[in-house]
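J.: Before anything else, here's the structure in question.
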Amino acid sequence: MKKYIIQSIRLTLVLIVLLCIIYPISIALAGKLSKGNGAGEKITKNGKTIGYALLGQSFTKPEYFWGRPSAVSYNAAGSAGSNKGPSNPDYLKEVQSRIDTLLKYNPGLKKSEIPADMVTASGSGLDPNISEQGAAIQIARVAKTRKISEQKVKELVALNTIKPLMGLFGPSSVNVLKLNLALDNL
Amino acid sequence: MNTELIGIIATFLLTLIIAIPLGKYLAKVFAGEKVWTDFLKPLETGIYKLSGINIKEQMDWKQQLKALLTINVLWLVYGFFMLIFQNKLPLNPDGNPGMTPDLAFNTIISFVANCNLQHYSGESGVSYLTQQFVLMFLQFVSAATGIAAAVVLFKAFRDKTTTQLGNFWEFFIKAITRLLLPLSVIVALILTFNGTPASYDAKDQFISVQGDTVNVSRGPAAQFIAIKHLGTNGGGYFGANSAHPFENPSYLTNMVEVMSQTIIPLAMVIAFGYFIRRRKLAWTIFGVMTIGLFMLMIPTITSELGGNPELAKMGVSQTTGAMEGKEVRFGPAATAYWSTLTTVISTGSVNGMHDSTMPLTGLWQLLAMMINGFYGGCGVGLLNYFIYLIIAVFISGLMVGRTPEFLGHKVEAREIKIAALITLLSPFLILAGTAISSYVFINHGDAAWAVQPKNWLNNPGFHGFSEMLYEVTSSNANNGSGFEGLGDNNVFWNVLTGVIIFLGRFLPIIGPVAIAGLLGAKKFIPESAGTLKTDTKTFALMTFAVILVLNALSYFPALALGPLAEYFTMLK
């Protein structure tokens, strides 16, 4: 028994060196070669960081495309979903008010055109994307507020649409932050 | 067919393409035969020397278990104190506090047991030091413990009669050097180059396009996420687990992560067959497990793609499926696929919030964890399945009126008693645990805990009951996912689930290893016309029936009160 205890202690120490020092530090060093130096790829404007490429952020102004509802208001230091069950009455009220907001700010929009992702909170609260349909229903509003042609906005949406992986696997989506920055750069 | 479905079919096929050769490779590694990774031998020899281990020393099953339990107890003590004192230790750039004793108790058991139920949140509850030196360390060694225990079982059936089951330390170390570590390096690199942070930089702050100040948690996450999946651990680096865009940046990384959590459990089944030179048996087991997986997965995908009927009633388009708690870049099909695998295999990582899935999806998730033997966790999945096999052998033996035999060894009263006790343990822990929590919720709503019992549940009615049932089931299965709406960081849940995780981990390792050790030592009876063959379709069907009947009888009432009741209420 005593032998096992001593072996356990020694083995644990050796493995800590291998698994908690050598392994993670090697990966961190290799990560320096990746975009963002392994610390998350940043998006900068005029030399200032205005966001992270992978993280969604809150857009509420009418001239911007809106992202998905977030249970944590896009707090990137406290990610979480709403964890609301599908039949929770309070939750359903919340969804109803999101539908109403969308209808109010997008005149002419029909309820049946609203895709589920625009009225439901994402899993992380940081979802950077919306569905193609989610972008399509906002084109008229953005174009009108910015006083540009709908055609132009449509083109930008198409440019910032992420196609399925290799054209085959998974859904397509639209990156909200990149799309909005492209709009600002017009 | 749409790209979402093609995506998951491709993921499953790729998993098979990797797992099958990996299984053959593992059989050779643990048998000590020549493999192409033998260039790592010097590393292993170094570890043996520094640790004072002589791998030529053979152990019987009792010595194997002693070694296993000794080192696991050591990790419990080491990790408990590290977590409590993390605020006083270095590598804590965000200044996170030390854990309370009850939270540290829960967390350390949860990670030693390969469960990774998390009652803390990754961004604020741990430091870089404890993320790496405690949690990530345990993700490696707990997976290796499970694999080594399974290899001990393999050894018992390789030779005709033997008490010499090899050296536990050798299996344990090889599981790390020949399997977990090399694969982790590959997966971590893929993640890093797709955007997951891997550096030790502290929290960042920026002003967003609309002018909000945003704090961003970062840190060495890629390293952690690789082993969290390969070792079927499942504990997230960030609070939102693999739904977080840093943990899982794209559809590609999503495929890589869900494949990494699946390949080792699949490979272990193949390895079993090749190791004991009974390939047909392995394929039979593999077949039962795969059919079981599909029976759970297909209805899950259908239910999520169908969307939320309550939202449909409100007039919202449900063509994109149910999206609450899900991420657009994965979509409902890949999220449903993941949710089945993460509950069938005891990973428990999530790429979408299970609490917000449809009632029937919740039913399949719960059932997958209750069965806990279709593939199952690293090594331990096969141990759980072995118990089902022994029960099936016993019942078949009774039906045809012969002494039950398994692989040429008589299965007698002692082995059956152990198997029966292990079988009864799960329903006992799950049902008693849920009953106690329901009782406290109803009768002691005002107890002065960090979260008062009356505020535990994030959802009313049947779904609230499911939250408690899920928490306890996940603990017993060492799964670690949760209906995360549950207010679980308080002394009640920390202690209750801590105890359940501990019993649900170690007894189902001790039981099967003991049975295998006892059987392996018995006289070998050559196969004859009267032998009950365990590698036939008939016996596969028998095992499947045993699994179905045992679990249905144990859990139907609880499932009826939770997800089924919610489903039927929503139909109204």
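J.: Which values, in whole Å and largest first, are the semi-axes of the equivalent ellipsoid of the range A:1-92 obtained as the square root of 5 times each eigenvalue of the Cα gyration tensor?
T.: Listed largest to smallest, the semi-axes of the range A:1-92 are 43, 26, 8 Å.
J.: A further question follows. Find, to one decimal place in angstroms, the Kirkwood hydrodynamic radius of the range B:8-149, where the mean of 1/r is taken over every pair of different Cα atoms and then inverted.
T.: Its Kirkwood hydrodynamic radius stands at 17.9 Å.
J.: Sticking with this structure for a sec: Note down the relative contact order for the range A:42-185 as a percent, whole number, built from C-alpha pairs under 8 angstrom at least six residues apart.
T.: Relative contact order here is 27 percent.
J.: Of all alpha-carbon pairs in the range A:42-185, indicate the percentage at a distance above 17 angstrom.
T.: It works out to 63 percent of all Cα pairs.
J.: For chain B, what is Rg from Cα atoms divided by 2.2 N^0.38 Å, rounded to two decimals?
T.: Working it through for chain B, the quotient is 0.94.
J.: Sticking with this one: Taking the radius of gyration and the Kirkwood hydrodynamic radius from Cα positions alone, what is the Rg/Rh ratio for the range A:87-169, to two decimal places?
T.: Answer for the range A:87-169: 1.01.
J.: Continuing with this model, one more query. Given Cα pairs under 8 Å that are at least 6 residues apart, what percent is the relative contact order of the range B:391-499?
T.: After rounding, I find 20 percent.
J.: Another question, if that's okay. If you rank A:Y4, A:Y64 by fewest surrounding Cβ atoms within 10 Å, what's the result?
T.: Least crowded to most crowded, the residues run A:Y4, A:Y64.
J.: So what's the angle, to the nearest 10 degrees on a 0 to 90 scale, between helix A:89-105 and the longest Cα principal axis of chain A?
T.: Here the helix axis deviates by roughly 50 degrees.
J.: Mean separation of Cα pairs under 8 Å and 6+ residues apart, divided by the residue count of the range A:100-144: what relative contact order is that in percent?
T.: It rounds to 47 percent for the range A:100-144.
J.: Oh, and also: Can you give the Rg to Rh ratio for the range B:262-379, taking only C-alpha atoms and Rh from Kirkwood?
T.: Radius of gyration relative to Kirkwood radius: 1.08.
J.: May I ask for the angle, rounded to the nearest 10°, between helix A:2-16 and the longest principal axis of chain A, with both axes built from Cα atoms and the value confined to 0 to 90°?
T.: 40
J.: Consider all pairwise Cα distances in the range B:97-196 and report the whole-number % of them above 24 Å.
T.: 40
J.: Moving on. In what sequence do B:L16, B:L83, B:L407 fall when counting other Cβ within 10 Å, fewest first?
T.: Fewest-to-most ranking of B:L16, B:L83, B:L407: B:L16, B:L407, B:L83.
J.: Something else now. Which entries of A:K3/B:K34; B:K160/B:K533; A:K147/A:K178; B:K155/B:K228 have Cα-Cα distances beyond 22 Å here?
T.: Beyond 22 Å: A:K3/B:K34; B:K155/B:K228.
J.: Which ordering of A:E150, B:E310 is given by a fewest-first count of other beta-carbon atoms within 10 Å?
T.: Ranking A:E150, B:E310 by Cβ neighbours within 10 Å, fewest first, gives A:E150, B:E310.
J.: I need the helices of chain B that pass two filters: whole DSSP H segments spanning 27 Å or more by Cα along the axis, and mean Kyte-Doolittle score no lower than -1.0.
T.: B:3-31, B:61-84, B:137-158, B:251-275, B:279-305, B:380-400, B:413-443, B:491-520, B:537-559
J.: If you split all Cα-Cα distances of the range B:381-571 into 5 Å bins from zero, what percentages do you get per bin, shortest first?
T.: Over the range B:381-571, the share of Cα pairs per 5 Å bin runs 1, 7, 14, 16, 15, 12, 10, 8, 7, 5, 3, 1, 0, 0 percent.
J.: Further, regarding this structure: Report, in cubic angstrom per residue, the convex hull volume of the C-alpha atoms of the protein assembly as shown.
T.: Once divided by residue count, the hull of the protein assembly as shown is 152 Å³.
J.: Given the rule -39500 (n - 2.57) for each run of at least 4 DSSP H residues, summed and divided by the residues of the protein assembly as shown, what is its mean residue ellipticity at 222 nm, to the nearest 500 deg cm²/dmol?
T.: Computed ellipticity for the protein assembly as shown at 222 nm equals -18000 deg cm²/dmol.
The numbers here are math on the coordinates, done by the rules we state, and not lab data. The structure presented is a predicted model; accordingly, all values stated were derived computationally and were not measured. No Cβ is skipped: glycine too gets one built from the backbone with ideal geometry, and neighbour counts run over all protein chains shown.
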